[in-house]
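The values are calculated or read from the model by the stated rules, or taken from the named source; none is laboratory data. On a predicted model such as this, the values are computed, not experimentally measured, just so you know. The area values use the complete protein model at the heavy-atom level, side chains included, leaving out ligands, DNA and RNA. Shrake-Rupley method; radii C 1.70, N 1.55, O 1.52, S 1.80 Å.
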Amino acid sequence: MDFSGLLIKMLIFVVLMLTGYAFARKGLAGPEFTKTASSLVVNIFVPATIINSVLKISPDTVEMNLGLVFAVVTLAMAAGFILAALAGLFIPAVKKGGAVFQLLMATPNTMFIALPVLEYIFGSVAVFYSALSCIPFNMILFTYGIWLLKRGTGENKVNLKDVLSVPLLSAVIAAAVFFIQPPVPRVVSEFLSSISGATMPMSMIVIGTSLGAVNLVDTFKNGKLYFTSFFRLVFVPAVVWLLCSFLTSDPVLLISAVILAASPAAILVSILSIQYTGEGEFASEGILHSTVLSVLAIPFWVYIMSAVL
């Protein structure tokens, strides 16, 4: 494993994110750009990357127990929510922090951070693992997560349309393509490959522009955010490593699960917080805080696990 290359990759992520952040702070990329660009990333770039990943692997060349893979990535996604909920029950500061505080601890940014990292380290197979994680992630976030945010408003209805997101449907399509192996015209495969190459830089710039209203200095003066980032980047992946090691000894699958779990807080936390609680600024600060610190956390986990496994 080329750890210097991984660290450079993570630094590139941050530089791109800070570029978007600087553009937003200077007024060169406003909310309308962020809304449009994020929609393109979620509905076009990420789905293209997900489907492109399965065009590069086949059941004949990859030994894969899909049931086991799905169980591992589901555990990696569910662990954060379960641990954050338990913390909310037994740690007064977490309970006082409320729903947004818990979601910053619980939700990993798998599509914008973990997916490009896994593609760099392991290639298409790990991208497929990341794609499958969309299914349990969306199911949990848009059911339990929405309920958590709505709990104080008196509205507890969960919208099924929100659960059936484009990345989730793309993951289902990718699983079908993986098994059916239909003939794919070259123009389609090259088109998907070209689009998927833009996913990482577009994702990082969108993260930066979406956090343009946040003061970078003030964010790193907020002591509460160090707790949420430690929980998200260190505690949750450590638990996931422990639990998933009972399910699989495959180093690629195990490291992929831990990287998925070690991703910084998801951008959706900010979007949903604005929609349901009005705490969008605090959520954005938490996302920026954990995203910057993930530059150290993710290479740390890859280094440790590679040495052990």
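Tabulated data for the structure shown
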quantity	calculated
Residue-by-residue Karplus 3J(HN,Hα) for the stretch 109-126, coefficients 6.51, -1.76, 1.60, Hz, glycine and proline x	8, 6, 6, 8, 10, 4, 4, x, 5, 5, 5, 5, 7, 10, x, 5, 4, 5
Nearest-ten-degree value, helix 166-180 long axis tilted from longest Cα axis of the chain	20 degrees
In sequence order, calculated HN-Hα J values of the stretch 188-197 (Karplus, 6.51, -1.76, 1.60; Hz; x Gly/Pro)	5, 5, 5, 4, 5, 5, 5, 5, 4, x
In degrees, nearest ten, helix 31-40 long axis to first principal axis of the chain (Cα)	30 degrees
Amide H within-cut-off set for Leu211, under 5 Å, with H built and near neighbours excluded	none
Cα Rg, Dmax, the stretch 1-151, angstrom units	17.9, 52
For the stretch 195-289, accessible area per residue (1.4 Å probe, heavy atoms of protein chains only), Å²	36 Å²
Debye log10 I(q)/I(0) at q = 0.14, 0.22 Å⁻¹ for the stretch 212-275, Cα point scatterers	-0.55, -0.94
Sulfur and carbon atoms: percent of accessible area, the chain [1.4 Å]	68 percent
Binned Cα-Cα distances of the stretch 73-137, short to long, each 10 Å bin given as a whole percent	22, 40, 25, 12, 1
Approximate shape of the stretch 184-237 as ellipsoid semi-axes (Cα gyration tensor, √5λ), whole Å, largest first	37, 17, 5
Ellipsoid semi-axes in whole angstrom, largest first, where each is sqrt(5λ) of the Cα gyration tensor of the chain	28, 22, 20
Cα convex hull of the stretch 163-298 - mean projected area over all directions, nm²	10.8 nm²
